[in-house]
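Just below is one structure, and these are the notes that go with it.
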Amino acid sequence: MTSVVNRTGVDSRTSVGSPTGVDSRSGVDSRTASAVEAAERHTAHNYHPLPVVIAEAEGAWVTDVDGRRYLDCLAGYSALNFGHRHPGLVAAAREQLDRVTLTSRAFLHDQFGPFCADLARLTGKELVLPMNSGAEAVETAIKVSRKWGYKVKGVPDGRATIVVADGNFHGRTTTIVSFSTDPEARADYGPYTPGFVVVPYGDLDALAAAVDETTVAVLLEPIQGEAGVLVPPRGYLSGVRRLCTERGVLFVADEIQSGLGRTGATFACDDESVVPDMYILGKALGGGIVPVSAVAANADVLGVLRPGEHGSTFGGNPLACAVARAVIALLETGEPQARAREVGAHLHRRLNALVGHGLTAVRGRGLWAGIDIDPALMTGREASERLMARGVLAKDTHGSTLRLAPPLVVTEADIDLAVDALAAVLEDSAAQ
Ligand SMILES: Cc1ncc(COP(=O)(O)O)c(C=O)c1O
């Protein structure tokens, strides 16, 4: 059944306050309804949010304006890996707020050098270039790869190509959507930036055939998040690494969603002991508090940039650097990664038991799962609405695929609650 969405973005079958609605635990939802309406009236409709209006959050849980609690199984698309308002991260932000928050890169500040050193250590790279959003960091990686291609590899001017994968998601800028294969992201936004070659994800032979003397980089997500948490075949990432080394091409890993603990390792590439030439990081680097992104690479790559060629007013600001340093310190304890492995194993055990009972497939690693719901039962959107009614926030990706990515601070009991809610949603719809 196709969901019918009214002007306020609320699905009319599960409209707020209806008996089948958002939450039978509470009859009070006037604040939610008016807040949804107010938001929608003055917003470009570039998102279709679930009709939940969050007022407070802590750890893995959020509370809406009507006092209902939900388990957050999206975690800001992995920007909240360490949970909402992690005390150590909030303390780092507070301390910095009382000192200095913004200088621009025209001047240095006392958090900048230490942040770059900390991130260089975490990534094992020599240099770091901070930006803000993920898309900006991807743009940075593209510019650096092209310049490296011209100045180091010797590609003729204007001929550089970058090989990317089918089903990719690297952000929303005009250049990035130029090589998206998702018609929703791409159509109507041309003319498109040239210089990208798209190959099937996970297919090493296709990649090898696409690389030629104009190729400066292979840009990939080690696990494709937006595509539905697609894990490539084992050996793919190490094969990409080998191919890039042999052909003199940069391997650029977009770890914006897969990195910083989500999969049970600091980077998803670690699973195959692969070290890319450039890491692209974002989301969780800002601790769920401030937007922080960065690229990290050795001096022979990132060293190609000269003053004035690239930058950002807010990139590497004191507040961002202070929070990101606290994030890096947290990751260096290894605890978030260990939790993602342990609680993630529980998540996957429980989800796999639902395959054949409303789920057709479960993929992923650590506390990250893409689940395919039998399309005969419901769409991913319908599933996320029904989960919301049971106090679990999750988001569909495409069709009948849902992505589960709770903060890494969730407990096994939280996971049981989420998977029990999913099982009940599947059972209800099978019974209908
Ligand atoms: C792998 C990947 N790259 C890039 C981005 C873009 O990040 P941002 O939304 O911060 O621009 C995303 C966002 O979901 C992502 O998942």
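For this structure, a couple of remarks:
- The range 216-236 - residue that is out of contact with any Gly (no Cβ under 6 Å at 6 or more places or on another chain) and surrounded by 24 or more Cβ atoms within 10 Å (Cβ to Cβ) and, of those, farthest from LEU402 (Cα to Cα): ALA217
- Selection status of VAL301, more than 16 Å from the ligand (Cβ to nearest atom), closer than 29 Å to TYR150 by Cα and part of a helix (DSSP H, G or I): yes
- Residues in the range 358-379 that are on the phi > 0 side of the Ramachandran plot and in contact with a strand residue (DSSP E or B) (Cβ under 6 Å, 6 or more places away or on another chain): GLY364 alone.
Here's the yes/no breakdown for (1) buried (at least 19 other Cβ atoms within 10 Å of the Cβ); (2) more than 27 Å from VAL65 (Cβ to Cβ); (3) in contact (Cβ under 8 Å) with a residue 60 or more places away in the chain:
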{"residue": "GLY334", "(1), (2), (3)": "no, yes, no"}
{"residue": "ALA345", "(1), (2), (3)": "no, yes, no"}
{"residue": "GLY370", "(1), (2), (3)": "yes, yes, yes"}
{"residue": "ARG390", "(1), (2), (3)": "yes, no, no"}
{"residue": "PRO406", "(1), (2), (3)": "yes, no, yes"}
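- Test: residue in the range 117-135 that is within 16 Å of the ligand (Cβ to nearest atom), part of a helix (DSSP H, G or I), of a type in the set (A, V, I, L, M) and over 13 Å from LEU319 (Cα atoms): yes
- Odd one out for PRO200, checked against (1) away from the ligand (no atom under 12 Å from the Cβ); (2) of a type outside the set (Lys, Arg); (3) surrounded by 15 or more Cβ atoms within 10 Å (Cβ to Cβ); (4) closer than 26 Å to THR263 by Cα: (3)
- In the range 239-285, of all residues being part of a helix (DSSP H, G or I) and crowded, with 24+ Cβ neighbours inside 10 Å, the one that is nearest to the ligand (Cβ to nearest atom) corresponds to LYS283.
- Leading residue by the ranking (surrounded by the fewest Cβ atoms within 10 Å (Cβ to Cβ)) among those in the range 156-183 that are outside any loop (DSSP other than H, G, I, E, B) and away from the ligand (no atom under 14 Å from the Cβ): PRO183
- Scanning the range 304-321 for residues that are touching a Phe, Trp or Tyr at 6+ places or on another chain (Cβ under 8 Å) and either over 29 Å from LYS143 (Cα atoms) or assigned to a helix (DSSP H, G or I) (or both) turns up PRO318, ALA320, CYS321.
- In the range 410-421, the condition of being crowded, with 19+ Cβ neighbours inside 10 Å, within 21 Å of the chain's Cα centre (by Cα), modelled with pLDDT of 95 or more and not in a helix (DSSP H, G or I) is met by at least one residue.
The values are calculated or read from the model by the stated rules, or taken from the named source; none is laboratory data. Because the structure is predicted, anything quoted here is derived from the model rather than measured. As a convention, Cβ positions derive from the backbone with ideal geometry for all residues, glycine included, and neighbour counts pool all protein chains shown.
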